[in-house]
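Data block below; observations after.
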Amino acid sequence: MNAQTQRFSLQGAAGALECALDLPAATPRGIALIGHPHPLFGGTMDNKVVHTLARAFVALDYVAVRMNFRGVGASGGVYDEGAGETDDMAQLLTHMQQQYPALPFALAGFSFGTFVQTQLQKRLEEQGTPAERLVLVGSAPGKWPLPTVPADTILIHGELDETIPLIDVFDWARPQDLPVVVVPGADHFFGRKLHHIKNHVVAMWRR
């Protein structure tokens, strides 16, 4: 992403996990783990929406970290329908907490990454150690069974999303009374609309 990006490898249950970390210029005040789109449909940690989420968190002085899920890039293993990917994300969280002890952490994801991060959040809630906040872009409740999420979760979706229709997100968010930030004219990958993601995350995080 920039000169501050550091690539590293983490040993996971199914093999090595290729990771990337972006550091803020100031002293970090938190950690943000970001999940990428579906591994079987070209999703990688270098996806533009994932990059945009990383830039947003770096602007908020968070250490932003991403990984390639199983079978993507230099990461070992094969796609595990979200279960193994959630385990790997939990392992990445443990690693980052060892590197940056006592810092709060956030979970963010795009598309399939929202499924992984909401599953991880549910697990962490059961353990009594939830993330401070979630950011979900192109949420995937119409594709995967997303659990309920905290009331302060930031939901951003494209008006013209052809992969996950906006109505599916509304149907999931409505019973939880969760606001949805809709970007007019945006498709699933937010072509020419990426700046709205960063602007909304930064503005809403600081409220």
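Selection of the range 152-172 for residues being of a type outside the set (Val, Ile, Thr), farther than 17 Å from Ala108 by Cβ and touching a residue at least 24 places away in the same chain (Cβ under 8 Å) yields Glu159, Leu160, Asp161, Glu162, Asp168, Asp171, Trp172.
On inspection, His157 does not qualify as in a loop (DSSP other than H, G, I, E, B), open to solvent by less than 20 Å² (accessible area, probe 1.4 Å) and not acidic (Asp, Glu). Taking the conditions (1) open to solvent by 20 Å² or more (accessible area, probe 1.4 Å); (2) closer than 29 Å to Gly42 by Cβ; (3) in a helix (DSSP H, G or I) in turn, Ala203 satisfies each one other than (2). Here is the figure for the range 33-63: residues that are over 16 Å from Thr114 (Cα atoms) and among the hydrophobic types (A, V, I, L, M, F, W, C) total 6. Taken over the range 96-111, the criterion of being within 9 Å of the chain's Cα centre (by Cα) and outside any strand (DSSP E or B) is satisfied by Ser111 alone. Against the condition assigned to a loop (DSSP other than H, G, I, E, B), in contact (Cβ under 8 Å) with a residue 12 or more places away in the chain and β-branched (Val, Ile, Thr), how does Thr118 come out, does it pass? Answer is no for this residue.
Yes or no, residue by residue, for (1) in contact with a Ser or Thr (Cβ under 9 Å, 6 or more places away or on another chain); (2) under 19 Å from Thr163 (Cα atoms); (3) in contact (Cβ under 8 Å) with a residue 60 or more places away in the chain; (4) open to solvent by 10 Å² or more (accessible area, probe 1.4 Å):
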| residue | (1), (2), (3), (4) |
| --- | --- |
| Ile31 | no, no, yes, no |
| Gly35 | yes, yes, yes, no |
| Leu40 | no, yes, no, yes |
| Thr44 | no, yes, no, yes |
| Lys48 | no, yes, yes, yes |
| His51 | no, no, no, yes |
| Val58 | no, no, no, yes |
| Val63 | no, no, no, no |
| Phe69 | yes, no, no, no |
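Restricting Leu136, Leu92, Leu120 to residues that are touching a Cys at 6+ places or on another chain (Cβ under 7 Å) and open to solvent by less than 60 Å² (accessible area, probe 1.4 Å) narrows the list to Leu92.
The values are calculated or read from the model by the stated rules, or taken from the named source; none is laboratory data. Keep in mind that this is a model prediction, so the values were computed, not measured. Glycine also receives a Cβ, built like all others from the backbone with ideal geometry; neighbour counts cover every protein chain displayed. We work out accessible area using only protein heavy atoms, side chains counted, and drop any ligands, DNA or RNA first. Shrake-Rupley method; radii C 1.70, N 1.55, O 1.52, S 1.80 Å.
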